[in-house]
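Undergrad: Okay, here's the structure, questions in a sec.
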Amino acid sequence: MARIKPQSGILDIAPYQGGQSQIAGRSDVVKLSSNENPFGPSERARAAFAATAAALHLYPSTDHAALRAAIGEVHGVDPARVICGAGSDEVIAFLCNAYAGPGDEVIHTEHGFAMYRISALAAGATPVEVPERDRTVDVDAILAACTDRTRLVFVANPANPTGTMISAEDTARLADGLPDQALLVLDGAYAECVEGFDGGAAVVEGRENVVMTRTFSKIYGLGGLRIGWGYGPAEVIDVLNRVRGPFNLSRAQLDTAEAAVRDVAYTEKCCAENARLRDWLVVELNAAGVPTDPSFANFVLPRFRDRAEAEACDDFLKSEGLIVRRVAGYKLPDALRISVGDEAACRRVIEAITRFREAADARAV
């Protein structure tokens with residue numbers, strides 16, 4: 001058995017750790033660690049999910065035509081150039097498997113989403129980390145890091161876990177500056193959180209080297225079903241469909257996602273409430289003496305004096321029944337990522353952090 005070894009790079013992968021969801025001994029826990037929509041899916045999506053129970057014995061469609069058509073109508077994209085996956089994570093994996101391998105390089109940024117590195121290593125490629133500037137993607141640093149081995153460049157916009165964003169002009173400049181053999185992947189998991197933002201669809205149009213990914217896990221409240229999609233040049237989507245499993249999405253996933261994306265009024269309501277509470281959190285955290293950048297996503301990233309204080313605050317929040325996310329693994333050891341919950345949850349977090357900070361300041365006197 002010792003001679004049976006995995007592909008090079010696999011053992012360099014640290015397994016992804018999801019956000020904690022329970023605290024022993026507490027029944028009043030508020031989970032703010034996974035950037036979930038606190039309002040859940042729409043009633044139309046719930047009804048569509050329930051209706052699929054009668055057809056569990058039937059295989060789902062292999063072409064996802066109805067869901068792709070709904071995505072096309074709502075987002076103004078060509079459904080023929082849409083691919084669907086088990087979360088946008090699967091589309092990211094398709095891209096790495098199809099376009100990167102041993103000897104190739106995959107660029108991601110300093111605080112970028114962990115799955116970029118994981119998927120690159122799983123494909124046998126070499127992940128290349130590029131510094132950010134003030135927790136924001138640095139286009140010039142990415143372009144400087146490109147070589148003739150670069151095959152993929154991953155950029156989340158808005159970014160996770162920082163919540164920062166680059167402009168459409170910078171995004172286009174990045175796409176146009178890449179070497180000829182490289183694809184730019186724009187991860188738009190939080191695109192709906194930015195009013196009027198298309199997630200990068202306009203950058204995809206008219207270019208052969210840009211792919212956009214999106215998810216139903218965040219604003220649509222369907223994280224438990226794992227549904228995502230990608231949009232790109234016809235030639236790239238054709239390649240990805242060749243590595244996609246024919247039944248990678250169930251009927252429950254397909255029908256529920258279609259209902260969710262068509263319920264535009266509910267999505268807009270969730271977006272508005274997220275923006276209101278997110279901006280309030282930023283103001284209140286800064287007022288409490290915890291520096292927090294403006295966020296364009298459905299979470300905020302308060303920064304503390306050092307790692308010890310961030311971890312102490314996390315421990316205090318847990319004692320109050322509040323679960324947030326440590327992000328030392330994203331090279332932000334002095335920060336905590338806090339999902340935007342409902343109003344009661346947000347007020348509870350601010351009250352707790354304010355008390356923690358006041359006690360810390362008193363001890364320092």
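Coordinate-derived values only; no laboratory data. What you are looking at is a predicted structure, and each value in this text was computed from that prediction instead of being measured. All Cβ positions, glycine included, derive from the backbone under ideal geometry; neighbour counts span all protein chains shown.
Undergrad: Just 334, 12, 104 to compare: in a GNM of the chain, with alpha carbon springs under 10 Å, which one fluctuates most?
TA: In this elastic network of the chain, the residue with the biggest mean-square fluctuation among 334, 12, 104 is 12.
Undergrad: Which net charge results when you count Lys and Arg as +1 and Asp and Glu as -1 among the other residues whose beta-carbon is under 14 Å from that of residue 38?
TA: Within the 14 Å Cβ shell, the charges total +3.
Undergrad: Starting from the Cα of residue 63, step 7 Å along the direction of its Cβ; do the same at residue 276; then give the gap between the two resulting points in nm.
TA: Output for this residue pair reads 4.4 nm.
Undergrad: In region 137-194, what trypsin sites (Lys or Arg not before Pro) fall in a loop by DSSP, with at most 16 other Cβ atoms inside 10 Å?
TA: When the trypsin sites (Lys or Arg not before Pro) of region 137-194 are filtered for loop state and at most 16 Cβ neighbours within 10 Å, 149 remain.
Undergrad: What is the sum of charges around residue 276, taking Lys and Arg as +1, Asp and Glu as -1, for the other residues whose C-beta is under 14 Å from the C-beta of residue 276?
TA: Surrounding charge for residue 276 is -4.
Undergrad: What is the helix-to-structure angle for 251-262, meaning the angle in degrees between its Cα long axis and the longest Cα principal axis of the chain, kept from 0 to 90 and rounded to the nearest 10?
TA: Compared with the principal axis, the helix lies near 70 degrees.
Undergrad: So, one more: Could you work out the relative contact order of the chain, using alpha carbon pairs under 8 angstrom and six or more residues apart, expressed as a whole percent?
TA: That works out to 23 percent.
Undergrad: How high is the relative contact order of region 210-365, in percent, counting Cα pairs under 8 Å that sit 6 or more residues apart?
TA: Computed over region 210-365, the figure is 16 percent.
Undergrad: I would also like to ask the following. If I model a spin label as a point 7 Å beyond the Cα along the Cα-Cβ vector, how far apart are those points for residue 55 and residue 169 in nm?
TA: 4.8 nm
Undergrad: Put a dot 7 Å past each Cα toward the Cβ at residue 14 and residue 354; how far apart are the dots in nm?
TA: 3.5 nm
Undergrad: Also, I was wondering about something else. I want the antiparallel fraction of DSSP beta bridges within the chain, as a percent rounded to 5.
TA: Roughly 45 percent of the beta bridges in the chain run antiparallel, per DSSP.
Undergrad: Let me ask something else about it. Around residue 152, what is the net charge, scoring Lys/Arg as +1 and Asp/Glu as -1 over all other residues with Cβ under 13 Å from its Cβ?
TA: Its environment carries a net charge of 0.
Undergrad: May I pose another question? Mean-square fluctuation check for the chain, GNM, Cα pairs under 10 Å: which of 167, 339, 88 is largest?
TA: It is 167.
Undergrad: Give the label of the value calculated from the structure for Cα extents along the principal axes in Å, choosing from (i) 67, 57, 45; (ii) 59, 56, 42; (iii) 63, 53, 51.
TA: Step by step, Cα extents along the principal axes in Å for this structure corresponds to label (iii).
Undergrad: Between 274, 37, 248, find the one with the highest GNM mean-square fluctuation for the chain; connect C-alpha pairs within less than 10 Å.
TA: Highest fluctuation among the options: 248.
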